[in-house]
Every structure is written in structure tokens, then in C-alpha cells.
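Below is one structure, written out as C-alpha cells; comments come after it.
Each value in this text was obtained by applying a stated rule to the coordinates, not by laboratory testing. All values reported here derive from a predicted model rather than from experimental measurement. All Cβ positions, even for glycine, are placed from backbone atoms using ideal geometry, and neighbour counts span all protein chains on display.
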């Protein structure tokens, strides 16, 4: 049996005093892909925000362990260095900070955390080139400010590109399919699939079955009103697509 | 006060770095171009010497078709106070003026920008733009902005904008989510805010040296 990567136990969280997560339990092992589906407002994005340490959210109960360590006690940047990666639903534009400078800083901070030496400029640039090919991203983006003026599709590809650079053990894809046309969706999904290893895992948050045709999940969870109310295999997503959340008789 | 005449068709460009008490008066003749960068980014040494700094820049366009560019940048901490005053006077038409002034304020620092822009009744076809953007990093820091526009000609293009804000929290979190420490992320954002004022320095070597200076001060 593969090793446990993430354990979420009875997680409660709120934003601005309103409870959104009301006792989430979820265990993720290495090598697994978990899809989380659910109606708007169920808490899907809150779950990704809480796992990554977004300061806007308050954890009011429960615990989360990453390889047995208390994830919730770590600063957001430490969680990232430990291998938790979020592909943002709305990637943030950072005017004046170039992609190259941003990515190099991020990668070197992670390497320092792992006790590795910094990459030289040359090693770094050749790594950028290699990973960019995976996402079919043009080289000219290197000198542009982070996400500034990128199209919707480029922003999402850029998220997966960063994931390729940082090689996380746990990737959370928060509605990565939203705003993508079918070609971009295929490129993004293929990128994610090629990054899959027996040691890493991913949480795929989505509204639609469509993405799961490309990134095939081992488990599908339905999150409703702050709790996981149903878990199944990939056929659950098809069932949801057909009958809607109403048809589940929760 | 030092007065300088920029003669017909001449160009003048200069960077003033950490010159407290700067008081400049430029008279521009027809078709001349002026570009100045006034930077207050005190290092450890000048920091102890001058806590209150005042810069006054007066520009008069006295001939047609002049071009004026004024860039201002101040990075203040502790108890530092900087007042930057610009007076741009278009007395003749067909000229342009562009001003970009930025303050970054930390600690209990105070920034004050007075931007006085006059377009005389016969200065038609003038194009004048004034922008003041400020980044406030602490709760005790204070910024005051006083744009003063007096426009007496009707066929002109004149804009002014002022904004004072804090670091973008969502950008900070985005960077932290990629493993960049909060302090480092702040530095990158402050640096990005400041460096675009220097993009207009024509001499590459000077620009590179100033970027290094900013790097050294922010760290």
C-alpha cells in the first residue's frame, strides 16, 4: 500500500465569521488523483485556500497533516516549499516583477529549504525552456511581468508551468478548466498528466465532468454545505453530470 | 536656488540622487527638452544626517514646442520627511509636460507632494500629465498630496491622477504560495513599484547603478 500524503480530519473553517467548512474528512495517498465536485458555495475554494494558508480564512477546528506533520501550523510559504501547490482559479497579476525573477526566486527558496544549492542562471534558464515546452508557452513570456496582460488560457498554462518547475508533492487545481477553450484544456490536462508520479498526488476541484475526461480521478468526492457527502470512483462524476446534484438524493 | 536656461533646441537630462534642499529653476526656450529624475532613496549614511528633506523644482516653458519630463521617487523610513514640490508653467503653447512622482513610506515617515501646473491663456495645444502614486507600508506613515492645476487655455490636454495604497495582499499571498518568504515577497513588490520610475533614465549604466542602489536600500 502506498504512503499517506495528506490527512484532513474534521476540518472546520470560516471567513468573516461565517462557517464554510463544517467537518471535512479526506485522506490522500501518494499516486492518487482526487476530484472534488459540488455546487457553488459548497466550500470547494475555501478548502484550497485553507490548505494553502490564505490569511483571509480562519480554521476553527480539526487538523491537517502533510506526511504526518501539522500543515496548519506552517506559514504559507513553508507549506509551498514542503510541496503544496495551488493552481489558482484567478491567477494574480504582479506588475513589475518578471516571470523569470519570480520563478527563480521561488525555485531557489524551495531548493534552500531542501538543503540544495541555488541553480546558476544558465541551469535555471534551460530548465525554464524545457518546462515551457510542456505547456506550449512562448519564450517571450519570460520577460513579461507575472500574469500581466496574459490571456485567460495563458494564465492557466502559466500555473501548470509553475507547477512543472516546482514539482510539488500535492497539487491542488482550483477550477483550472474554467475559462479554457478545448485546445488549451487539452494542453493543460496533458501537462498535469505528464507531471504525475507514483509519489505525488493531486486534488482537482471542478464543476464539470469535462476536465475529468482528461485528468482521470481515482476518487470523486461531492462537497455540499461544507462537508463531503458522497465519495465514489470516476463514474460518480458522470452520474452527477447526468442527474445534477439534486438527483443524488443526499 | 540655481537657475538654468535650456537654450533653443537643446536637451538637458540629469539624475539628482539624495540632494536635500534641492531648489532648481529651469527656463526652457523653444523646442528644448528637459528630463530630470529627483530621487530620495537615502542609504544608512544620509539617513542619519537629514531627516527633513525638501525639493523644489520650477520649470517655465517660455518658447513653443518644449518637452518637460519630471520623475520623482522617495523611499522613506523611520521619522523621515520629504516634501517634493513641482511647479510647471506652460506660458507658451505646443509644449508637453509629463510628471511621475512616487513615494514609498514605511515606519513613521511623512511624504508630501505638491504638484502645481499652470497653463497660460495663450498656451494652446499644450499636453500636460501629472501622476502621483504612493505606497504606504505601515499604519503610522503618512502621505499628503496636493495637486494644483490652473488651466486657462481651452484647447489643451491635461490629466492628473493621484493614488495612495498599500501592498497588494493577493499578490503577496500568490508569491508566498510559490514558496517566496513574506519579507522577500514584500521586497519584490516594493522594488517593482519603485523601479518603473527609473525605466525612463536614458543612460543604461546609470539606470543599472540606480537599480542596484534601490536593491541595496530595500534589503
Q. Over the protein assembly as shown, what lengths in whole Å, largest first, do the semi-axes of the equivalent ellipsoid take, defined as the square roots of 5 times the eigenvalues of the alpha-carbon gyration tensor?
A. 52, 23, 21
Q) When only Cα pairs under 8 Å and 6 or more residues apart are kept, what is the percent relative contact order across chain A? A) 27 percent
Q | Order of B:23, B:155 under a 10 Å beta carbon neighbour criterion, fewest first | A | B:155, B:23
Q. What whole number of Å gives the distance from the Cα centroid of the stretch B:145-219 to the Cα centroid of the stretch A:136-193?
A. 27 Å
**Q.** Average beta-carbon neighbours from other chains, 10 Å sphere, peptide A:74-82
**A.** 5
Q) What does the average come to when, for each residue of peptide A:57-64, you count the partner chain Cβ atoms lying within 10 Å of its Cβ? A) 0
**Q.** Per-peptide average of other Cβ atoms within 10 Å, ordering A:105-114, B:165-174 highest first
**A.** A:105-114, B:165-174
Q) Computed over the Cα atoms, what is the radius of gyration of the stretch B:2-166 divided by 2.2 N^0.38 Å, N being its residue count? A) 1.06
(Q) Please compute, for peptide B:164-170, the average count of beta-carbon atoms on other protein chains lying within 10 Å of each residue's beta-carbon. (A) 2
(Q) Taking the 0 to 90 degree range and rounding to the nearest ten, how far is the long axis of helix A:152-166 tilted relative to the main principal axis of chain A, both from C-alpha atoms? (A) 80 degrees
Q: Arrange B:189, A:127 by Cβ neighbour counts within 10 Å, fewest through most, would you?
A: A:127, B:189
Q: Take the Cα pairs of the stretch B:100-219, get the Kirkwood Rh, then feed it into Stokes-Einstein at 20 °C and 1.002 mPa s and tell me D in µm²/s.
A: 129 µm²/s
(Q) Relative contact order for the stretch B:168-219: what percent, with Cα pairs under 8 Å and sequence separation of 6 or more? (A) 29 percent
Q. Counting alpha carbon pairs within less than 8 Å and at least 6 residues apart, what relative contact order, in whole percent, applies to chain B?
A. 14 percent
Q) If each residue's Cβ is checked for other Cβ atoms within 10 Å, how do B:139, A:190, A:118 rank with the fewest at the top? A) B:139, A:118, A:190
Q) Spin-label point model (7 Å from Cα, Cβ direction): what's the residue A:129 to residue B:208 distance in nm? A) 2.3 nm
Q) Percent antiparallel among DSSP beta bridges with both residues in the protein assembly as shown, to the nearest 5? A) 20 percent
Q. Roughly how many whole Å is it from the C-alpha centroid of the stretch A:25-66 to that of the stretch B:1-79?
A. 54 Å
Q. If you build a Gaussian network model of chain A, linking Cα atoms that sit under 10 Å apart, which residue out of A:116, A:44, A:140 swings the most?
A. A:140
